[in-house]
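Here's the structure we're looking at; comments come further down.
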Amino acid sequence: MNDAGRFRLPGDKPPLLVLVGPTAIGKTGLSIELAKRYGCEIISGDSMQVYRGMDIGTAKITREEMQGVPHHMVDICEPDYPFSVAEFQERVRQLILDIGSRGAIPFIVGGTGLYIESICYDFQFTDVGSDEEFRQEQRQYLEEHGPEALHARLAERDPGSAARLHANDTRRVIRALEVLHLTGRTLTEQLAGQTKESPYNLCLTGLTMDRDILYNRIEARIDKMMELGLVEEVKGLLARGITRSHISMQGLGYKEIAAYLDNEMSLPEAVRLLKRDTRHFAKRQLSWFRHMKDINWIEIPEHAKVSRILHKFHEILAGKFEGVTEYIGEHEYPQI
């Protein structure tokens, strides 16, 4: 059964399905089943999966796992490329038009809050310029006092951005400070001032689950990453000349393992930090999504059957769009 092309929409806005949730909650498997049922093409809303050769640490979907469902915004640039939210927005806007022209439904799936919200509500990003002297001052402060001190400086001036950014994401921390320096307004204020009207007929669904269960899933996923060869993946990137200063290498999994490979800590300590930082990241993801409007939340129990979650998603979709046929498909899917 497939509902593609049967949605009757009010007005002229094109449909856009969006599925968000914290890392390790099960978005990938669920999104495939939803895409097959509703005739969707998936757009990754993950800021790290754009990089080629960074597969294990990003939990990137494999070709086999895609099951023939078209995926976009995966493996589109090299790890030394400074990919940005503005470029993501520009590319995805066009993708949504292209997918719709093929009679399919665009379906954004991911966990990078700013990237996804920039599409849902058509944020306007203006080029405020740069101040290299100011940047150098911040880099000097970073070198003398460390990332936590630099992050604390941001927390004093822009608590919202500090809550969103990890201390080790020093490039974005410096950029947030620079934007405030250049404009007199924090990034948080600028984001809050964005129009929250969507240019799309938006069906936005979020997944959540008990915090302890989610944290156990995160730790199990990281153990699996280590078994699959995360250390070798990071070692290979470093050997190619991808340095720790590149944006891609500041992602979770890469910065911790790179520190281990540079003899700054033991491997068990790197894994411990990775698990801790990923738990913190999941908490920040949930905090971001809960401040977004229009989200229909689905609670995922510990041993959820995908068929039950599909049914709940269908109810949300049927409430948003006319012409969505009665749910058919009480199959036995694996657990999410």
Check: Using 0.36 nm per residue, how much length does the chain from residue 81 to residue 245 gain when fully extended, once their Cα-Cα distance is taken away?
Finding: 57.9 nm
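Return the percentage of antiparallel bridges among DSSP beta bridges fully within the chain, rounded to the nearest 5 %.
Details: 2 of 25 bridges.
Given both bridge residues lie in the chain, the antiparallel proportion sits at roughly 10 percent.
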Checklist line | Dipole moment magnitude, nearest 20 debye, the chain about Cα centre, only Lys, Arg, Asp, Glu C-beta charged | finding: 580
Check: Using the alpha-carbon centroid of each, what span in Å lies between region 103-168 and region 183-242?
Finding: 13
Next item on the list: Give me 230, 17 ranked fewest to most by other Cβ atoms within 10 Å of their Cβ, as a rough exposure proxy.
Entry: 230, 17
Margin query: Kirkwood hydrodynamic radius, computed over distinct alpha-carbon pairs, for region 184-333: how many Å, to one decimal?
Written below: 19.0
Notebook entry, point to check: What pairs in 36/224; 235/312; 255/305; 27/196 have C-alpha atoms more than 32 Å from each other?
Noted result: 235/312; 255/305
Next item on the list: Rounded to the nearest 0.05, what FRET efficiency do residue 210 and residue 67 give with R0 = 22 Å and r taken as the Cβ-Cβ distance? Could you check?
Entry: 0.15
Next item on the list: Give me the distance between the Cα centres of region 32-60 and region 256-315, rounded to whole Å.
Entry: 15
Margin query: Explain nothing, just the number: dipole magnitude of region 132-192 about its Cα centre with +1 on each Lys and Arg Cβ and -1 on each Asp and Glu Cβ, in debye rounded to the nearest 20.
Written below: 240
Item checked: Cα-only Debye scattering, the chain: base-10 log of I(q)/I(0) at q = 0.07, 0.13 Å⁻¹ -> -0.30, -1.05
Next item on the list: Quickly work out the residue 220-to-residue 90 label distance, labels modelled 7 Å from Cα along the C-beta direction, and quote it in nm with one decimal.
Entry: 4.2
Note to self: Given the options 79, 190, 306, identify the residue whose Cα lies farthest towards the positive end of the charge dipole of the chain (+1 on Cβ of Lys, Arg; -1 on Cβ of Asp, Glu).
What the structure shows: 306
Checklist line | Whole-number Å³ per residue for the convex hull built on Cα positions in region 132-192 | finding: 67
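Coordinate-derived values only; no laboratory data. None of these values were measured; they are calculated from a predicted model. Every residue, glycine as well, gets a Cβ built from its backbone with ideal geometry; the counts of neighbours run over all protein chains shown.
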